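The values are calculated or read from the model by the stated rules, or taken from the named source; none is laboratory data. Since the model is a prediction, treat every value here as computed from it, not as a measurement. Note that each Cβ is placed from the backbone with ideal geometry, even for glycine, and that neighbours are counted across all protein chains shown. Protein only, heavy atoms only, side chains kept; ligands, DNA and RNA dropped before computing areas. Shrake-Rupley method; radii C 1.70, N 1.55, O 1.52, S 1.80 Å.
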Amino acid sequence: MRVPYSWLCEWVAVPWEARELGNRLTLSGFELEALEPAAPDFSGVIVAEILEATKHPQADKLQVCRVSTGSGEPVQIVCGASNARAGLKSALATVGARLPGGVHIKAAKLRGVESQGMLASARELGLADGSSGIVELPADAPVGRSLREYLGLDEAVLEFSVTANRGDAMSILGIAREVAALSGRPVTGPQSPPVSVSVQDTFPVTLEAKSACPKFVGRVIRGVNNRAVTPLWMRERLRRCGVRSISPVVDVTNYVLLELGQPMHAYDLRKLRDGIVVRHARAGESITLLDGRTVTAEPDVLFITDGEGPVGAAGIMGGERTSVSEDTTDVFLEVAYFAPNAIRGRARRWNLATDASQRYERGVDPGLQERAAERATEFILAIAGGQAGPLTLSLSGEHVPQRPTVALRRTQLARLLGTTIDPERVTSTLTALGMQVTTTDAGWGVTPPSHRFDITIEADLIEEVARIIGFDAIPEVDALVPQQFSTLPEQRPADRALYETLTARGYYEAITYSFVDPARQKRLFPEREGLALSNPISADLSVMRVSLWPGLLHVTLENQRRQQTRIRLFERGTRFATANGVVQEIDTLAGVACGARLPEQWGVSKDSRAPVDFFDVKADVEALLAGTGAFSEFTFEPDALSCLHPGRCARIRRNGREVGWMGELHPTLVREMDFTYPPVLFELDVEGLAVTRPAFQDISRFPSVRRDLAVVVDEGVPLSALRERVGLAAPSLLRHILVFDVYRGPGVEPGRKSVALGLIFQDITRTLTDEDADRAVASIVSELRVSLNARIRE
């Protein structure tokens, strides 16, 4: 919400400068996101008047203008704008002026004619994204005055973040109410008395969907000149709030929306047929909106219709068929109250987010419509002329929301805030917020104003008291009762141990949304069904994640786009698995590695600068598994997962139970997502990393014996199978197994490999003899021949 400081001051006497105002509103719940002047920095630009404009002798599209600067002789300016004409007052950048973008104005010759400055457009001054000519100023603009001073372009514009529950604050009036409550000063904004009715024309309105639209105020205005020029002060205020000026009628509706927070719509009365009917859409019914797109509505979408069909998507956007244009002379104003539940989420189905839908979804004051209609009529008659008809009210009183009284107990107020607040101060604080307060034996009975949809329970009132009084004014005290902490099961891995293991290996922690892009997730996991959100914040964040990989891959891509060549990221979070209609929330640890194996430096070989591969990340995962104290319980089994590279992925099991996956991203996905290097990913269930209590083991006082053994096995035999069979053959004496060579080549049959094993034998009761070691090796060789079709390589 953008708030020009001067506009706010029209509604309340602000006792603070802009920066202090932003700080105070931030502390009361409206975070200041930006504070900037109303226009970019420029200097040397004044109000000037064109006295004469003649055709350039050497160029058809240029004019030579004699321009008055308010003092001294007129200056000569060569101008190419089509709207440059005698009598026009405009913005003149004098010689030496400095414009946005580092532009400096100098005297110059254009096609042989001297030009002593430049008549500037709004775009060149940073006042608009585009413009069709030079700035046109009112006839009473003082010639020679600084443009910044005349237009007040050094005024501060504050931008606040308004939370979703505070739709009442999405207006100048809403922010003024907050400032009034904080400062103790009244809201004294402009009043809008009823305008004089000149014609008795009305247009019929029927409410069929009374619960969705219980109140509809309308007015006919005839004889409007929509070709008139919107006053500069109004266009400037709209611009400072981020709204483009279109035409007088549309500008007025936008202005009232920003000022009062009441969305409204103007129809071309000549294009309406029979009468307005507010109803829900019929199956398959469509409408062409003001932005030109045609959308098909579901039956829960509210439509404004006439005798020929839909003329507007209620609370979202008007229809193209009945829109006002320059030729419009008769207008029908719609100022309605729509229930938030009837509007919420509908615009997002069409990838829309309009100013109207944002306010209606959060809740618009049901008592504001008449005031807004009078305010808009006042402006239209003043700017575009015309004759106003009477206000017509279509009302279903039983469906208009009423604010119930909420009880506030003194004891609960003191318990939640940890301090006692003077009862009179509580009463004055709530009253300053527009609430009706009565005193009761237990505390207070509080009736919120009609615009406060967020006040429904006692805790809401306590929050209001705290934020207006100021959280910094509430003393910090020790808890009255010692806090009790539950014990941490010793089997649960310590978070710090997991994180330090990964950070020590070069990983950085990432935090991503629990909801992800449904298209990307479906591409990665076509076999897994994601839980769809009923009210997502955006279309590309509309399903709950079934894995942490979609978020990590997105972050990896963002880092790659920022020229990061070596990326290591991990995340601890919840993934959501759906089975038979039941949703499981699984605590998960996942990671991704992409880019060079080692950081670039002079002391590493070219191989070390090669991209990270499956085995590099496998070593990182093994470091995590070793922290459980039961590394031997884990196995890596070759398997297939749709999003991983065939032959470069593995399922991780602990004692036969699946606890995770790891592998390289599928080559097709690497190309589709435009990765420079293939990412390698892992994902582990934190529950599967349970720590085994360490048990005491004697350390042998006797020397160990090593035997090296070269075993030829089939290419498909994994090391884990070799380890398992060797361990079964000599369980009592074998202490360690080392793999120090893998050979393929001459002397080894095609389709087979030679694996060199280092076998470490040791006993805790005696020194082993060569015969003991030889018997153990013979047992191992025999077992490998039988179980793995192995032979000893001589």
For the stretch 244-296: span of alpha carbons on each principal axis (Å, largest first): 37, 25, 20
Of all accessible heavy-atom area on the stretch 1-98, the percent that carbon and sulfur account for (1.4 Å): 47 percent
Distance histogram in 10 Å bins (all Cα pairs of the stretch 652-703, percent per bin): 19, 26, 23, 18, 9, 5
Net lengthening on full extension, R744/T668 (0.36 nm per residue, minus Cα-Cα): 24.4 nm
Centre separation in Å (Cα based) which lies between the stretch 726-794 and the stretch 29-80: 90 Å
Span-like helix ranges in the chain, DSSP H, alpha carbon extent 30 angstrom or more, Kyte mean at least 1.6: none
Sequence-distant lysines (8 or more away, or on other chains) whose Cα lies within less than 20 Å of K55: K89, K109
Cα-based radius of gyration of the stretch 512-643 once divided by 2.2 N^0.38 Å, which approximates compact folds: 1.23
Accessible area per residue, Å², the stretch 449-522 with all protein chains present, probe 1.4 Å: 67 Å²
Anisotropy class of the stretch 664-767 from Cα gyration tensor, a/c 1.5 cut: oblate
Qualifying lysines (Cα of each under 23 Å from Cα of K618; at least 8 residues distant if same chain): K606, K753
Share of carbon and sulfur in the accessible heavy-atom surface of the stretch 463-596 [1.4 Å probe, %]: 52 percent
Size-normalised alpha-carbon gyration radius of the stretch 95-138, reference 2.2 N^0.38 Å: 1.26
For the stretch 603-757: relative contact order, % (alpha-carbon pairs under 8 angstrom, 6 or more apart): 17 percent
Average accessible surface area per residue within the stretch 661-794, 1.4 Å rolling probe, Å²: 56 Å²
Pairwise Cα inverse-distance average, inverted: Kirkwood Rh of the stretch 330-398 (Å): 14.0 Å
Sites D300 and I457, calculated FRET efficiency, Cβ-Cβ separation with R0 45 Å, nearest 0.05: 0.95
Length released on extending from E658 to I474, taking residue separation times 0.36 nm less the Cα-Cα span: 61.1 nm
Ranked packing of 522-532, 677-687, 568-578, 763-773, most packed first, by mean Cβ within 10 Å: 677-687, 568-578, 522-532, 763-773
The chain, relative contact order [Cα under 8 Å, separation at least 6], %: 8 percent
Partners for K215 among lysines (Cα-Cα distance below 29 Å; same-chain residues under 8 apart left out): K271
Accessible solvent surface per residue of the stretch 210-326, calculated while the other protein chains remain in place, 1.4 angstrom probe, Å²: 36 Å²
Label-to-label distance, nm, for residues given as S720 and A695 (7 Å Cα→Cβ offset): 2.3 nm
Extension gain (nm, one decimal) between L232 and L393, 0.36 nm per residue minus Cα-Cα: 54.7 nm
Ratio of Rg to Rh over the stretch 1-125 (Cα coordinates, Kirkwood Rh, two decimals): 1.17
Diffusion constant of the stretch 338-493 at 4 °C, which comes from Stokes-Einstein with the Kirkwood Cα-pair radius and 1.567 mPa s, µm²/s: 65 µm²/s
Scattering profile of the stretch 480-550 at q = 0.14, 0.16, 0.27 Å⁻¹ [log10 I(q)/I(0), Debye over alpha-carbon scatterers]: -0.71, -0.79, -1.10
Calculated SAXS-style log₁₀ I(q)/I(0) at q = 0.13, 0.14, 0.19, 0.24 Å⁻¹ - the stretch 287-370, Debye, Cα scatterers: -0.42, -0.49, -0.89, -1.30
Evaluated at q = 0.05, 0.07 Å⁻¹: base-10 log I(q)/I(0), Debye formula over Cα of the chain: -0.47, -0.80
With every protein chain in place, the stretch 739-788: carbon and sulfur % of accessible area (1.4 Å): 53 percent
Descending Cα extents along the principal axes, the stretch 560-633, whole Å: 54, 37, 16
